[in-house]
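Please read the structure below before turning to the comments.
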Amino acid sequence: MADALKAFWWIAAMWIRSAFAYRTSFLMLAVGQFVVTSLDFVVIFIMFSHVKSLGGFVLPEVAFLYSTSGVAIGLADLVLGNAERVGQRIRSGEFDVILIRPVPAFVQTAADNFGIHRLGRITQATAVFVWSLVALDIDWTWDRILLVPLMLICGAVIFGAIFVLGGAFQFAAGDAAEVMNAFTYGGNVLTQYPPTIYARKLVLAATFAIPLGFVNWLPAMHVLGRPDALGLPEAFQFASPVAAVVISSLAALAWRAGVRSYRSTGS
Amino acid sequence: MRVYAAIALRTFRRYTTYRAATAAGVFTNTIFGVILAYTYIALWEAKPGLGGYDVPQALTYVWLGQSLLAPMAFFGGGFEQEFGERIRKGDIAIDFYRPVDMQIWWLAVDAGRAAFQLLGRGIIPTLVGALIFPLALPRSPLTWLAFFTTVALGLVVSYAIRYIVALLGFWLLDLRGVQTAAGIIGSFMSGMLLPLTVFPGGMADFMQAMPWSCGLQIPADVLMGKHQGVELFQVFAFQAMWAVVLLLAGRALTAVATSKVVVQGG
């Protein structure tokens, strides 16, 4: 495990050095990420210039949902996002090279093309997060204080697992990689808004079929002191770690199955 | 002329072979459509008539956006990846030797791609949207004809913008940053994130006067019958004006690039 982390850091550090070699491009990418995610928030802001609440949630509350989802997917994308981009290497047969190197294939895939510019997105989401905490009037009991960092970590793990599932899926899917965007970036947009605006079936699917609801909806309801839209037992609001462990285990199994099924290109 | 038609046709056929990718794109656009549709319903039910749309019109806007996302390629995914890569690698030098006009050649490539994506990725999301949500789709074939005219003009404008952006590769070695920036501006200014009519007054007017509005806002308004009679032709003229201006700007920039080109690589 320590070796794997060390290897991850070596590869990541190499990519960071290479990113700084093209400084203008790096800056534009980082600022670009910052702006892209800011625009999502500008949209929300403009929506709230016309209305006082969306689905019964006011702007600081939506900002809290938006930013917790943003920080979670940002961290996941930084560390594991490239697992999803393994498709190119599978199609070209370059994955062979990864398998013969003395570093776990998963570590290499995740660290490959490590994009330090993705800090741009995390920075933006963090700024909104801080603002929402200031603007919200939360009764800070100890369970709420603990729940906030826990939901960010579990959210990142859940999104990370979805990225890895996406990577595993590509061993089978070939060209169909884009499907995963529906769950990663789609999941991000979905959880930026309160669950009350969606149809009940959609919220159910996004909680139990894919544990996106555990990223922020369920724990956030406890932090914000609101009833949960599905009317689930209160324990679910603290169950994000369970969801994170379950989906991570599934992702690990899927990844193994994917790597085993890899048959190269024959060229 | 025949060579360009042949290029467009063959690019169209090339894209028909990416069936899994097309199905995946349709799936993703549809999921995003569903998510956005609910956010729009929440917004429009709280503020009926916002931006001049009722709920079915706002929902139509969402699904048109998802259907036109791939053809308009504001986020990338069009000819510019290949074109930019040829500039970066220096293969572009060979293209300069070819007895064809470079800008029209790539326009033909992009037209073939866009035509395929309009059929392959455009129809199903809006159909699914119409099954799940109440949409305001017109019955008159003339309105549809006007709509496809604005879409065609919008595609040329979108191409002309992306051509200029890709040409910057002659001066910058790594285009990813610029293309990201162009993608952001394009998606925002075209109204992919939120209809331009919903933006605050002055900003809305400015954005509607910019060329990106040709990609979604104008086609959507034409489909929903917001422009009728003479006004419809003014809209076509507005799009054609931007197409010509931007294509000419692209030509001028090509000339500058050609005079300074230093081919990379050995």
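Does B:L137 satisfy being within 28 Å of B:T16 (Cβ to Cβ), more than 14 Å from every other protein chain (Cβ to nearest Cβ), touching a helix residue (DSSP H, G or I) at 6+ places or on another chain (Cβ under 9 Å) and at pLDDT below 95? Give the derivation first.
Working: within 28 Å of B:T16 (Cβ to Cβ): yes; more than 14 Å from every other protein chain (Cβ to nearest Cβ): yes; touching a helix residue (DSSP H, G or I) at 6+ places or on another chain (Cβ under 9 Å): yes; at pLDDT below 95: yes.
So B:L137 passes the test.
Looking at the range A:109-128, which of its residues are of a type in the set (A, V, I, L, M, F, W, C) and surrounded by fewer than 19 Cβ atoms within 10 Å (Cβ to Cβ)?
A:I116, A:L119, A:A127
Tell me whether the range A:95-109 contains one or more residues that are at pLDDT below 95 and among the small types (G, A, S).
yes
Here is a list: A:I44, A:I16. Which entry is out of contact with any strand residue (DSSP E or B) (no Cβ under 7 Å at 6 or more places or on another chain), buried (at least 19 other Cβ atoms within 10 Å of the Cβ) and not basic (K, R)?
Checking each option against the conditions leaves just A:I44.
Just give me the residues in the range B:62-82 being in contact with a Gly (Cβ under 8 Å, 6 or more places away or on another chain) and not polar (S, T, N, Q), in sequence order.
First, the residues of the range B:62-82 that are in contact with a Gly (Cβ under 8 Å, 6 or more places away or on another chain): B:62-63, B:65-68, B:70-72, B:74-76.
Of everything in the range B:62-82, those that are in contact with a Gly (Cβ under 8 Å, 6 or more places away or on another chain) and not polar (S, T, N, Q) turn out to be B:V62, B:W63, B:G65, B:L68, B:A70, B:P71, B:M72, B:F74, B:F75, B:G76.
Quick one: B:L193 ticks every box in (1) touching a residue at least 24 places away in the same chain (Cβ under 8 Å); (2) under 15 Å from B:L64 (Cα atoms) except a single one, so which number is it?
Status for B:L193: all satisfied but (1).
Scan the range A:226-253 for residues that are crowded, with 19+ Cβ neighbours inside 10 Å and assigned to a helix (DSSP H, G or I) and jot them down.
A:F236, A:Q237, A:S240, A:A243, A:A244, A:I247, A:A251, listed by residue number.
So which of A:L75, A:L29 is buried (at least 21 other Cβ atoms within 10 Å of the Cβ), more than 14 Å from every other protein chain (Cβ to nearest Cβ) and in a helix (DSSP H, G or I)? Please lay out each step first, then the result.
On the way: A:L29 fails: more than 14 Å from every other protein chain (Cβ to nearest Cβ).
Sole residue among the options that is buried (at least 21 other Cβ atoms within 10 Å of the Cβ), more than 14 Å from every other protein chain (Cβ to nearest Cβ) and in a helix (DSSP H, G or I): A:L75.
Considering each of B:G84, B:G78, B:G90, B:G49 in turn, give the residue that is closer than 26 Å to B:G250 by Cα, among the small types (G, A, S) and out of contact with any helix residue (DSSP H, G or I) (no Cβ under 9 Å at 6 or more places or on another chain).
Every option except B:G90 fails the conditions.
Report yes if A:E84 is touching a strand residue (DSSP E or B) at 6+ places or on another chain (Cβ under 9 Å), more than 10 Å from chain B (Cβ to nearest Cβ), in contact (Cβ under 8 Å) with a residue 12 or more places away in the chain and surrounded by 20 or more Cβ atoms within 10 Å (Cβ to Cβ), otherwise no.
Numbers: touching a strand residue (DSSP E or B) at 6+ places or on another chain (Cβ under 9 Å): no; more than 10 Å from chain B (Cβ to nearest Cβ): yes; in contact (Cβ under 8 Å) with a residue 12 or more places away in the chain: yes; surrounded by 20 or more Cβ atoms within 10 Å (Cβ to Cβ): yes.
Answer is no for this residue.
Report, by residue number, each residue of the range B:133-151 that is in a helix (DSSP H, G or I) and surrounded by 15 or more Cβ atoms within 10 Å (Cβ to Cβ).
Within the range B:133-151, B:T143, B:A146, B:F147, B:T149, B:T150, B:V151 meet the criteria.
Could you list, in sequence order, all residues of the range A:32-46 that are more than 7 Å from every other protein chain (Cβ to nearest Cβ) and either without any contact (Cβ under 8 Å) to a residue 24 or more places away in the chain or not aliphatic (A, V, I, L, M) (or both)?
Those that are more than 7 Å from every other protein chain (Cβ to nearest Cβ) and either without any contact (Cβ under 8 Å) to a residue 24 or more places away in the chain or not aliphatic (A, V, I, L, M) (or both): A:Q33, A:F34, A:T37, A:S38, A:D40, A:F41, A:V42, A:F45.
Anything in the range B:3-48 that is polar (S, T, N, Q) and either under 16 Å from B:I124 (Cβ atoms) or facing another protein chain (nearest Cβ under 7 Å) (or both)? List them, or say none.
Looking only at the range B:3-48, we keep the residues that are polar (S, T, N, Q), and these are B:11, B:16-17, B:22, B:28-30, B:39.
Listed by number, the residues that qualify are B:T16, B:T22, B:T28, B:N29, B:T30, B:T39.
Identify all residues within the range A:47-59 that are part of a helix (DSSP H, G or I), within 25 Å of the chain's Cα centre (by Cα) and within 7 Å of another protein chain (Cβ to nearest Cβ); write none if there are none.
Across the range A:47-59, the qualifying residue is only A:M47.
Report, by residue number, each residue of the range B:93-103 that is in contact (Cβ under 8 Å) with a residue 60 or more places away in the chain, closer than 13 Å to B:T254 by Cα and loosely packed, with under 15 Cβ neighbours inside 10 Å.
If the condition is that a residue be in contact (Cβ under 8 Å) with a residue 60 or more places away in the chain, closer than 13 Å to B:T254 by Cα and loosely packed, with under 15 Cβ neighbours inside 10 Å, then B:F96 is the only one that fits.
If I ask for residues that are part of a helix (DSSP H, G or I) and farther than 19 Å from A:Y66 by Cβ, which ones from the range A:183-210 would you list?
The answer is A:R200, A:K201, A:L204, A:A205, A:F208, A:A209.
Is it fair to say B:D221 is more than 11 Å from every other protein chain (Cβ to nearest Cβ) and either in a loop (DSSP other than H, G, I, E, B) or of a type in the set (D, E, K, R) (or both)?
Against the criterion (more than 11 Å from every other protein chain (Cβ to nearest Cβ) and either in a loop (DSSP other than H, G, I, E, B) or of a type in the set (D, E, K, R) (or both)), B:D221 qualifies.
Hey, any hits in the range A:140-159 for a residue that's part of a loop (DSSP other than H, G, I, E, B) and closer than 30 Å to A:A235 by Cα? Give the steps one after another, and end with the answer.
Step one: filter the range A:140-159 for residues part of a loop (DSSP other than H, G, I, E, B), giving A:140-141.
Then keep just the ones that are closer than 30 Å to A:A235 by Cα; that gives A:140-141.
Yes, some residue in the range A:140-159 is part of a loop (DSSP other than H, G, I, E, B) and closer than 30 Å to A:A235 by Cα.
Identify the single condition in (1) in contact with a Lys or Arg (Cβ under 7 Å, 6 or more places away or on another chain); (2) of a type in the set (A, V, I, L, M); (3) closer than 30 Å to A:P194 by Cα that B:L68 does not satisfy, given that it satisfies every other one.
It is condition (1) that B:L68 fails.
Consider only pairs whose beta carbons are under 9 Å apart and that are at least six residues apart or on different chains; among these, list those whose first residue lies in the range B:236-249 and is surrounded by 15 or more Cβ atoms within 10 Å (Cβ to Cβ) and whose second residue is outside any helix (DSSP H, G or I).
B:W242/B:M210
The values are calculated or read from the model by the stated rules, or taken from the named source; none is laboratory data. Keep in mind it's a predicted model, so treat the numbers as computed, not measured. We place every Cβ from the backbone using ideal geometry, glycine too, and count neighbours over all the protein chains shown.
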